[in-house]
Amino acid sequence: MHSSTFPTLATPAGAIPADAPEWNRQRHSQMPSQRYRDVYSRVPVPLTTRDWPSHRLTRAPLWVPVDLRDGNQALAEPMDPERKRLFFELMVAMGYKEIEVGYPSASQTDYDFVRLIAESDIAPEDVTVVVFTPARRELIRRTVESIRGMRNPVVVHMYTATAPTWRDVVLGHDREGLKRLILAGGRDVREFAGELPNVRFEFSPEVFNLTEPDYVLDVCDAMTTLWDATPERPVILNLPATVEIATPNVYADQIEYMHKNLDRRDAVILSVHPHNDRGTGVACAELAVLAGAQRVEGCIFGNGERTGNVDLATLALNLHAQGVDPMIDFSDIDEIRRTVEHCNGIEIHPRHPYVGDLVHTAFSGTHQDAIKKGFAEHRSRAAAEGRPERQIEWRVPYLPVDPADIGRSYDAVIRVNSQSGKGGIAYLLEAEYGLELPRRLQIDFARHVQRHTDERGSEVTAAQLWDIFRTAYLADPRHTPVELVGFDTTGRSTTITLRAAGIETTTRHDAVGPVEALTEALARLGFATEILSLHQASTGVGSDSEAITLIEYRHGSRTGWAAGQDRSVLTASLDAVMNATALGQEASMR
């Protein structure tokens, strides 16, 4: 069945599965899902008993950004030398201590960049430089040439795809033939770079997660034997989920199998390189670390071919949100984002975890109300403990981390649109204008804002909220039926002068305050307004501040709110009474 609105879609119309519960009315679709095999029919999945589900993440793994190689290969326009250098300097400033800098046998640009690092001081001495090469003798030679004379520690990273489909379709080797090719490449790496004192080796069986466990274990053990891995000069075994093909628990099982069965385990740094084809790259990396991985390769915000490499920023800040030091500085995430966007030429989605423009922003009324109350509780708890707000436990609802931790202000935490409620509206007025609305006024004002947003369908700024507030609660002086000409307070007596219908009337009121005196004077002229509550506040700061009085009133059977604003508190209060009278009269005439 095809929709008239969306004629290219075939709405599922088959029979409801016989075993479906009554509440699930989904039907079989036209999608050709039968063309695909699940992971369990494609590769043996090891482990029937597993330890990783009971483990916890308590420390950061070694992070290895591959933006300059893997990420760069995924760009429609690869980085020029200037952008590559800027990106490298950013990663150094953030605290990364092992960085994959290029594929020097693949392009002159990458070769030259590696030479720049070798011949300059842009890499601090404690930063390890990683260079990438396939298992081909002439390309390995070229790679090693690029690092000669480098003072920094270096990792030569050799890779070969090992999965059956790649062996059969791409490489044309059976298991033993491919193993011989890999070992030949390993011998070439040892021949060209084995005597360099600051060089270690890394091997990636590409498409590890689709390779038979016994075969990949055999090849990896052969490589650590060939390279004579020792605890003093460990070999990195990097196990990529090159194409995600299963739920993250399967990858964790595969990693734990290797972790438990590798020879020379104390001489191996177990590394993972998850991609994001199923959208679960972050989960795969986290579970892999639970399963024994010690090192994670990825890109800072997840750039990479197809759907990307695992997002190192999300991984690191996930640890931060659990009370674990990520060992990388994200204290100005917007500067990091601007630099990465410039270098990659790719904009980051506004809902991208942690870094997106809207990830700390709430439009929903229920979320806003909870956040507003959470901020208030946070401030009061800090005051009660006598400690700075940045030092006490963070537990504001809906915000997993304090935006200030990553250099964000609170200005855009709450924004108002047609989905917003009284809490968010009140928060913005308080944050921008220092005006704290009583709860009943929040409810009343939210109705005015809702009408505005329903009519226009757009977001409302704090300045627009202030305009709506003034329109709703500060009466238009051109339309007031009575005018306060003047007042005088002497001792316990107040004199009020009003003008109505062009006639001025002066009355004296004893033993009452100015507000009560004004309401009495108005009542004598037929403008009876009962003041139910009065709240005084101020807007602005310092010499620019003005007093504002908020009045809840009753006029006839109708209750409402009015406001008055002036540098004088008394004048603001009297203006609020006059505005309440005018607004009440206007409402009674509708």
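The values are calculated or read from the model by the stated rules, or taken from the named source; none is laboratory data. Keep in mind the model is a prediction, meaning the values are calculated, not measured. Positions of Cβ are backbone-derived with ideal geometry, glycine not excepted, and every protein chain shown enters the neighbour counts. Ligands, DNA and RNA are excluded from the accessible area calculation, which covers all protein heavy atoms including side chains. Shrake-Rupley method; radii C 1.70, N 1.55, O 1.52, S 1.80 Å.
For the chain, the longest principal axis of the alpha carbon atoms and the long axis of helix 462-473 meet at an angle near 20°.
Among T314, T519, A241, which residue has its Cα furthest toward the positive end of the charge dipole of the chain, with +1 on Lys/Arg Cβ and -1 on Asp/Glu Cβ? Toward the positive end, the furthest listed residue is T519.
For Y159, the amide hydrogen comes within under 5 Å of the amide hydrogens of T133, A135, S204, counting only partners 5 or more places away or on other chains and with H modelled in the peptide plane.
Percent relative contact order of the chain, based on C-alpha pairs within less than 8 angstrom and at least six residues apart?
Numbers: 1058 pairs, mean separation 52.5, N = 590.
Relative contact order, the chain: 9 percent.
For the stretch 88-235, the ratio of Cα radius of gyration to the globular rule of thumb 2.2 N^0.38 Å stands at 1.07. Computed on protein heavy atoms with a 1.4 Å probe, the accessible areas place D510, D444, D19 in the order D19, D510, D444, largest first. Computed over all pairs of different Cα atoms, the Kirkwood value for the hydrodynamic radius of the stretch 207-290 is 12.9 Å. Normalised by the number of residues in the stretch 433-590, the mean separation of alpha-carbon contacts (under 8 Å, six or more apart) gives a relative contact order of 19 percent. Distances between placed amide hydrogens fall under 5 Å for L435 paired with E430, all partners being 5 or more residues away or on another chain. For the stretch 113-153, what log10 I(q)/I(0) values come out of the Debye formula at q = 0.30 1/Å, with one point per alpha carbon and no solvent? So the normalised log intensities work out to -1.04. Accessible area per residue for the stretch 250-352 is 37 Å², calculated with a 1.4 Å probe on protein heavy atoms, without ligands, DNA or RNA. Applying Stokes-Einstein at 20 °C and 1.002 mPa s to the Kirkwood radius of the stretch 438-590, computed over alpha-carbon pairs, gives a translational diffusion coefficient of 131 µm² s⁻¹. Mean residue ellipticity, 222 nm, helices only, the chain: the sum of -39500 (n - 2.57) across DSSP H runs of n ≥ 4, divided by residue count and rounded to 500, is -11500 deg cm²/dmol. Among S29, S54, S204, the sequence by solvent-accessible area, most first, with a 1.4 Å probe is S54, S29, S204. Length gained on full extension, E125 to T307: 62.1 nm, using 0.36 nm per residue less the C-alpha separation. The reciprocal of the average 1/r between distinct C-alpha atoms defines the Kirkwood hydrodynamic radius, which for the chain equals 29.4 Å.
Evaluate the relative contact order of the stretch 336-398 (contact order divided by residue number), counting alpha-carbon pairs under 8 angstrom at least 6 apart; express in whole percent.
Numbers: 39 pairs, mean separation 14.1, N = 63.
Relative contact order here is 22 percent.
In the chain, taking the dipole from charged Cβ atoms about the Cα centre, the farthest positive-side position among Q73, T461, T8 is held by T8.
Any idea what angle helix 333-344 forms with the longest principal axis of the chain, computed on alpha-carbon atoms, 0 to 90 degrees, nearest 10? Once rounded, the angle reads 50 degrees.
Per residue, the accessible area of the stretch 460-574 comes to 51 Å² when a 1.4 Å probe rolls over the protein heavy atoms. With each label modelled as a point 7 angstrom along the Cα→C-beta vector, the S409-R379 pair spans 1.6 nm. Here the label points at T366 and E89, each 7 Å from Cα along the C-beta direction, are separated by 4.9 nm in the simple model.
From the protein chains alone at 1.4 Å, what is the descending order of accessible area for S331, S3, largest first? Kindly include the intermediate steps, with their values, before the conclusion.
Numbers: S331 60, S3 35 Å².
In descending accessible area the options line up as S331, S3.
With N as its number of residues, the stretch 284-409 has a Cα radius of gyration that, divided by 2.2 N^0.38 Å, comes to 1.19. Taking a point 7 Å from the Cα of R187 along the Cα-to-Cβ direction, none of the residues of the stretch 142-167 has its backbone N closer than 15 Å to it.
What percentage of the solvent-accessible surface of the chain, computed with a 1.4 Å probe over protein heavy atoms, is contributed by carbon and sulfur atoms?
Values: 13950 of 28290 Å².
It is 49 percent, rounded to a whole number.
Excluding ligands, DNA and RNA, what is the solvent-accessible area per residue of the stretch 20-65 at a probe of 1.4 Å, expressed in Å²?
Value for the stretch 20-65: 86 Å² per residue.
A probe of 1.4 angstrom, applied to the heavy atoms of all protein chains, finds E432 with accessible area near 90 square angstrom. Computed over the stretch 227-353, the P(r) curve from all C-alpha pair distances, binned at 5 Å from the origin, holds 2, 11, 19, 20, 18, 15, 9, 4, 2, 0 percent per bin. Counting heavy atoms of the protein chains alone, R141 has an accessible area of about 100 Å² for a 1.4 Å probe. FRET efficiency for the pair H342 and S533, taken as 1/(1 + (r/R0)^6) with r the Cβ-Cβ distance and R0 = 60 Å, rounds to 0.65. Think of the chain as having a plus end and a minus end, set by charges on the Cβ of Lys, Arg, Asp and Glu; of S538, G365, A252, G365 sits farthest toward the positive end of this dipole. With R₀ fixed at 25 Å, the C-beta to C-beta distance from R233 to T58 puts the FRET efficiency at about 0.40. The I443 and E389 beta-carbon pair, evaluated with R₀ = 41 Å, returns a calculated FRET efficiency of approximately 0.90.
If you line up the long axis of helix 422-433 against the longest principal axis of the chain, both from Cα atoms, how many degrees apart are they, to the nearest 10? Taking the Cα atoms of the chain, the angle to 422-433 is about 80 degrees.
Apply the Kirkwood formula to the stretch 463-516: the hydrodynamic radius equals the inverse of the mean of 1/r over all pairs of different alpha-carbon atoms; give it in Å with one decimal.
Details: mean 1/r = 0.0756 Å⁻¹.
Computed over the stretch 463-516, the radius equals 13.2 Å.
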